[in-house]
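Notes follow the structure.
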Amino acid sequence: MLENDDVQAVEKLNEGYRAITEQLSRVIVGQQQVIDELLIAMFARGHCLLVGVPGLAKTLMIRTLADALSLDFSRIQFTPDLMPSDITGTEVIQEDKLSGVRELRFLKGPIFANVILADEINRTPPKTQAALLEAMQEHQLTVGGKRHLLNEPFFVLATQNPIEQEGTYPLPEAQLDRFMFNTFVDYPDEQEEFDIVRRTTADVTVTVTPTLTAEEIVALQRIVRRVPVADHVVRYALQLARLTRPHKGDAPDFVREYVNWGAGPRASQYLTLGAKARAVLHGRFSAECEDVRAVAYPVLRHRIMTNFNAEAEGIATDEIIRRLIDTVAAEEDEAVARGKLPKILRPADAR
């Protein structure tokens, strides 16, 4: 349960959300859904993979977010010749000029920042991609047998071009699963593109005012963990994830037909955490099924592996998720109207 201090923190988080959005809108035109998903992932202590064609201001958005949050920002351009030590840092031999004693000294790499932009992450070989795995999961690095803790908050934002795939190294499933969200950055609509052209072709310099410090963000991340969630909301998130697994008995027919592999337990965790973060960002003190549905696409999009049947019939992952949301009833009234009470709404002793 949230205590009085927590309630005040939720109100502060909602105010911070509005302030951050306002600062971002001074630089970024539109993309409100993308901004919301970035903030949800950050306050849930997750990482985000942004997928979109070049020229959609992905890098600018991430840099502006770091500035609006008064966080250290580090951009890493992933290239085929990038080495793991270029990300993590390396040990060098250093000699003391007075004593003449030589010793190993660790020089920190660009990953020692709060916001990491892994630009075009699929441009580098798996060996270098793997340098991020421990950092993303454990918030630490092990170099030369020594553990180095990363700065908090720690947030990895990776970009990927969905079109140009020549000379790229697709991310392995283990690394994709480390990302809380797979966020799709779409083209702006006509009015938004008009505003972009007007704004970026004029001699105008826009400054962003920091709204939250690193310490405040860490404290607010803890508040998100304490947001209450009803059992039926947790079961709803659980069902959305479990029904993506075609080899299980409860999987719908369309999942068995179009899916090779479904989402693992991290999906259920991130659906629940994302719902909590979304609720408090919008000023509510508990998460609902509506919040789970809102984060279902970015959470499940990269955790469902479709098969040849889906490719042949043009069935994308988002269509699978849409059908899942339509299949699983979220509220009792909806279930009664369908004439069937799903497992998530039954008492434990009745399932």
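Annotation: amide H of Asn260 within the under-5 Å range of Met305, Thr306, Asn307, sequence separation 5 or more or interchain, hydrogens built in the peptide plane. As I understand it, the value is the acute angle between the Cα axis of helix 317-327 and the longest principal axis of the Cα atoms of the chain; what does it come to in degrees, rounded to 10? Long axis of 317-327 versus the principal axis of the chain: about 40 degrees. Length gained on full extension, Ala174 to Thr205: 7.0 nm, using 0.36 nm per residue less the C-alpha separation. First obtain the Kirkwood hydrodynamic radius of the stretch 12-110 from its Cα pairs, then insert it into the Stokes-Einstein equation at 25 °C and 0.890 mPa s, and state the resulting D in µm² per second as a whole number. My calculation gives 148 µm²/s for D.
Which far-off residues, 5 or more places away or on another chain, put their amide H under 5 Å from the one on Ala287, with H placed in the peptide plane? Close amide H contacts, sequence-distant or interchain: Ala230.
For His47, the residues 5 or more places off, or on other chains, whose built amide H falls under 5 Å of its own are Met180, Phe181.
Toward the positive end of the charge dipole of the chain, with +1 on the Cβ of Lys and Arg and -1 on the Cβ of Asp and Glu, the farthest Cα among Gly100, Ala131, Thr90 is that of Gly100.
Going by neighbour counts of Cβ atoms within 10 Å, the residues Tyr236, Tyr297 line up, fewest first, as Tyr297, Tyr236.
Computed from Cα atoms, the angle from the helix 265-281 axis to the main principal axis of the chain rounds to 90 degrees.
If a spin label sat at a point 7 angstrom from the Cα of Glu15 along the line to its beta carbon, no backbone N atom of the stretch 72-95 would be nearer than 17 Å.
Comparing mean-square fluctuations of Val234, Val92, Val27 from a GNM of the chain with C-alpha springs under 10 Å, the top value falls on Val92. Packing here is the average count of other Cβ atoms within 10 Å per residue, and on that basis the peptides 249-259, 52-62, highest first, run 52-62, 249-259. For the chain, the convex hull drawn through the C-alpha positions has a volume of 196 cubic angstrom per residue.
Calculated [222 nm] ellipticity per residue, helices only, for the chain: -13000 deg cm²/dmol; basis is -39500 (n - 2.57) per DSSP H run with n ≥ 4, divided by all residues, nearest 500. Sorted largest first, the principal axis extents computed over the alpha-carbon atoms of the stretch 228-346 equal 44, 32, 21 Å. Of the residues Val197, Val229, the one with the fewest other Cβ atoms within 10 Å heads the list, and the complete ranking is Val197, Val229. Annotation: the residues Leu133, Leu300, Leu212, sorted from fewest to most other C-beta atoms within 10 Å of their own C-beta, follow the order Leu133, Leu212, Leu300.
Using the Karplus relation 6.51 cos²θ - 1.76 cosθ + 1.60 with θ = phi - 60°, the per-residue 3J(HN,Hα) values for the stretch 129-144 come to 4, 5, 5, 8, 4, 5, 5, 5, 8, 9, 6, 7, 10, 10, 10, x Hz, with x marking Gly and Pro.
Could you tell me the calculated FRET efficiency between Phe106 and Ala130, based on Cβ-Cβ distance and R0 = 25 angstrom, to the nearest 0.05? So, using R0 = 25 Å, E works out to roughly 0.80. A protection proxy built from the mean count of other Cβ atoms within 10 Å ranks the segments 273-279, 14-20, most packed first, as 273-279, 14-20. Extension gain for Gln77-Phe285 works out to 70.9 nm (0.36 nm per residue, less the C-alpha to C-alpha distance). With a simple spin-label model that places each label point 7 Å from the Cα along the Cα-to-Cβ direction, the separation between Leu149 and Gln8 comes to 2.7 nm. Among Ile196, Ile28, Ile40, which one shows the highest mean-square fluctuation when the chain is modelled as a Gaussian network with alpha-carbon springs under 10 Å? Sorting by GNM fluctuation, first place goes to Ile196.
Quick note: the coordinates plus some simple rules give every number you see, no bench work behind them. What you are looking at is a predicted structure, and each value in this text was computed from that prediction instead of being measured. Positions of Cβ are generated from backbone atoms using ideal geometry, with glycine treated the same way; all protein chains shown enter the neighbour counts.
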